[in-house]
1. Taking the range 297-349, which residues are of a type in the set (S, T, N, Q), more than 22 Å from the chain's Cα centre (by Cα) and either within 16 Å of the ligand (Cβ to nearest atom) or buried (at least 21 other Cβ atoms within 10 Å of the Cβ) (or both)?
2. Quick check on the range 74-83. Is at least one of its residues outside the structural domain of A135 (by TED's automatic domain parsing), under 18 Å from G39 (Cβ atoms) and open to solvent by 50 Å² or more (accessible area, probe 1.4 Å)?
3. Taking the range 136-158 on its own, how many of its residues are open to solvent by 30 Å² or more (accessible area, probe 1.4 Å), more than 16 Å from the chain's Cα centre (by Cα) and within 23 Å of I217 (Cα to Cα)?
4. Does the range 234-243 include one or more residues that are within 23 Å of G107 (Cβ to Cβ) and surrounded by 13 or more Cβ atoms within 10 Å (Cβ to Cβ)?
5. So for the range 159-171 (the condition being without any contact (Cβ under 8 Å) to a residue 60 or more places away in the chain, out of contact with any Cys (no Cβ under 6 Å at 6 or more places or on another chain) and open to solvent by 40 Å² or more (accessible area, probe 1.4 Å)), does at least one residue qualify?
6. Restricting to the range 367-385, and then to whatever is out of contact with any Lys or Arg (no Cβ under 6 Å at 6 or more places or on another chain) and at pLDDT 85 or above, can you tell me which residue is surrounded by the most Cβ atoms within 10 Å (Cβ to Cβ)?
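The values are calculated or read from the model by the stated rules, or taken from the named source; none is laboratory data. Quick caveat, the model's predicted, so the values are computed rather than measured. No Cβ is skipped: glycine too gets one built from the backbone with ideal geometry, and neighbour counts run over all protein chains shown. All accessible areas refer to the heavy atoms of the entire protein, side chains included, with ligands and DNA or RNA removed. Shrake-Rupley method; radii C 1.70, N 1.55, O 1.52, S 1.80 Å.
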Amino acid sequence: MAAAARDPVTDRCPGALVLHEAADGGLARIRLPGGLIAGGTLVALAELAESFGPRGAVELTSRGNLQLRGVPAGRHLELADRVAELGLLPSATHERVRNIVAAPFAGLVGTASGGGAADSSLDGLVRALDLGLCADPDLAGLSGRFLFGLDDASGAVAALAPDAWAAPLAADRWWVGPGGVAVDGPAVVAELLAAARGFLRAAADATVGAAPAGHPIWRVRDLPDGGVALAAALRAGRPAVARPEPPPGPRPVGVWRRPDGGQAGAALVPLGRLSRAGAEMLAAAGQDVDPAQTSLRVTPWRSVVVPRLADPASFVPAARRAGLDPESQSLWARVTACAGRPGCASALADVRADAAHAVAAGRLTPAFAARPAPPGARAHWSGCARRCGRPAGSYVDIVAGPDGYLVHAAGAEPKESSRW
Ligand code: SF4
């Protein structure tokens with residue numbers, strides 16, 4: 001049953017134990033359920049990446065995970081040991097399926113009465129879901145692309161199109177998809193795990209007798225009917241409930257006041273590449289006496305949230321000094337890029353350097369682009385037509401070709417990089 005969803009031949013999502021061999025060395029992906037990480041752990045990963053040499057780097061992904069790039073061939077085992085020591089490898093069998101994205105601003109924005117109890121309790125749900133996932137041997141058969149989501153009233157996670165996700169309704173009632181049912185808070189985790197098991201069964205059924213060259217069933221939307229029958233089976237006679245569709249909530253950058261009166265901070269990490277100095281600054285910004293204990297949230301938008309600031313006045317200047325961007329109007333909030341050269345052998349350009357030059361000049365697009373990007377537009381730079389890491393929704397598509405960049409408007413489903 002499990003193998004139907006994770007085909008070991010085609011599903012090559014890297015992890016901490018199975019690395020992808022990129023043009024600039026090994027690439028390990030470390031799952032951070034809910035984007036949660038202690039400051040000391042983030043610093044330790046940055047130090048490890050630095051020890052790999054000039055190609056070593058910590059990168060933030062579009063699902064709020066981390067990647068270590070440039071891992072030398074002889075250090076894969078050491079990397080796995082270190083990641084396990086840091087508590088980031090609780091299950092060798094499930095490491096690549098611990099894909100849980102949670103709304104990173106839950107409990108940190110809105111009003112004390114409007115945020116809701118559900119918003120502030122996501123961390124507990126994340127941990128319970130992760131434990132339940134890792135405790136089920138069958139769920140190790142999910143593909144590395146299957147995504148769980150836990151939303152808040154912002155709808156931020158729904159926009160990432162998870163496969164199985166929950167969003168608050170009211171008074172500790174939750175909507176859970178893809179079945180589209182309403183359950184009480186204590187039932188959310190069980191409902192999500194049941195959805196994943198149902199998906200594995202549906203994927204296995206759809207795979208029986210299918211042509212070997214058929215499209216792999218990695219996600220709910222890959223099912224032949226797009227998941228319609230799965231949703232009906234998951235409802236099991238319960239009434240279908242309309243999915244909450246709140247207006248988009250804020251994604252603050254800089255310093256802001258939390259509903260409880262304290263202050264939180266967030267900084268953009270340009271192109272998701274986090275230096276040791278940046279990691280140390282974020283760890284030190286928290287209220288905890290020991291920076292190693294600072295709870296941080298890595299967002300799917302290449303930023304890091306410090307939920308409780310020790311010294312709000314120093315956050316912005318310290319972030320700038322560390323190479324982070326704490327400006328709410330920064331273009332870096334709207335620019336993404338694939339690995340490009342030298343990380344990817346398929347790349348026709350160093351898209352990250354070119355994107356950085358454009359942003360430094362106050363642009364989203366190459367200087368030659370005939371039309372400026374519309375106000376508020378996003379842009380994604382790709383080293384080839386594969387467009388790895390492209391964002392959800394509409395964006396300005398900048399693709400390197402043999403004769404330079406092509407620039408046009410595009411839209412796409414969210415997709416974590418699948419090739420490097
Ligand atoms: S789009 Fe993907 S395959 Fe193409 S250059 Fe970028 S990372 Fe490589």
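1. At the first step, the residues of the range 297-349 found to be of a type in the set (S, T, N, Q) are 299, 303, 314, 328-330, 336, 346.
Retained after the next criterion (residues that are more than 22 Å from the chain's Cα centre (by Cα)): 314, 346.
Of everything in the range 297-349, just one residue is of a type in the set (S, T, N, Q), more than 22 Å from the chain's Cα centre (by Cα) and either within 16 Å of the ligand (Cβ to nearest atom) or buried (at least 21 other Cβ atoms within 10 Å of the Cβ) (or both), namely S346.
2. Let us first name the residues in the range 74-83 that are outside the structural domain of A135 (by TED's automatic domain parsing), namely 74-83.
Checking which are under 18 Å from G39 (Cβ atoms) leaves us with 82-83.
From what is left, the residues that are open to solvent by 50 Å² or more (accessible area, probe 1.4 Å) are 82.
Taking every residue of the range 74-83 in turn, at least one turns out to be outside the structural domain of A135 (by TED's automatic domain parsing), under 18 Å from G39 (Cβ atoms) and open to solvent by 50 Å² or more (accessible area, probe 1.4 Å).
3. Going through the range 136-158, the residues open to solvent by 30 Å² or more (accessible area, probe 1.4 Å) turn out to be 137-138, 145, 153.
Applying the additional criterion that residues be more than 16 Å from the chain's Cα centre (by Cα) yields 137-138, 153.
Cutting the leftovers down to within 23 Å of I217 (Cα to Cα) gives us 137-138.
The total comes to 2.
4. Yes, because at least one residue in the range 234-243 is within 23 Å of G107 (Cβ to Cβ) and surrounded by 13 or more Cβ atoms within 10 Å (Cβ to Cβ).
5. Checked the range 159-171: at least one residue is without any contact (Cβ under 8 Å) to a residue 60 or more places away in the chain, out of contact with any Cys (no Cβ under 6 Å at 6 or more places or on another chain) and open to solvent by 40 Å² or more (accessible area, probe 1.4 Å).
6. Start the filter on the range 367-385 by keeping residues that are out of contact with any Lys or Arg (no Cβ under 6 Å at 6 or more places or on another chain), which leaves 367-377, 379, 381-385.
Still in the running and at pLDDT 85 or above: 377, 379, 381-385.
Values: A377: 14, A379: 24, W381: 32, S382: 26, G383: 26, C384: 19, A385: 12.
Per the criteria, the residue is W381.
Residues are listed down the side, and each one gets a yes or a no for (1) farther than 20 Å from V157 by Cα; (2) basic (K, R); (3) open to solvent by 20 Å² or more (accessible area, probe 1.4 Å):
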site: P246; (1), (2), (3): no, no, yes
site: P250; (1), (2), (3): no, no, yes
site: G254; (1), (2), (3): yes, no, no
site: Q263; (1), (2), (3): yes, no, yes
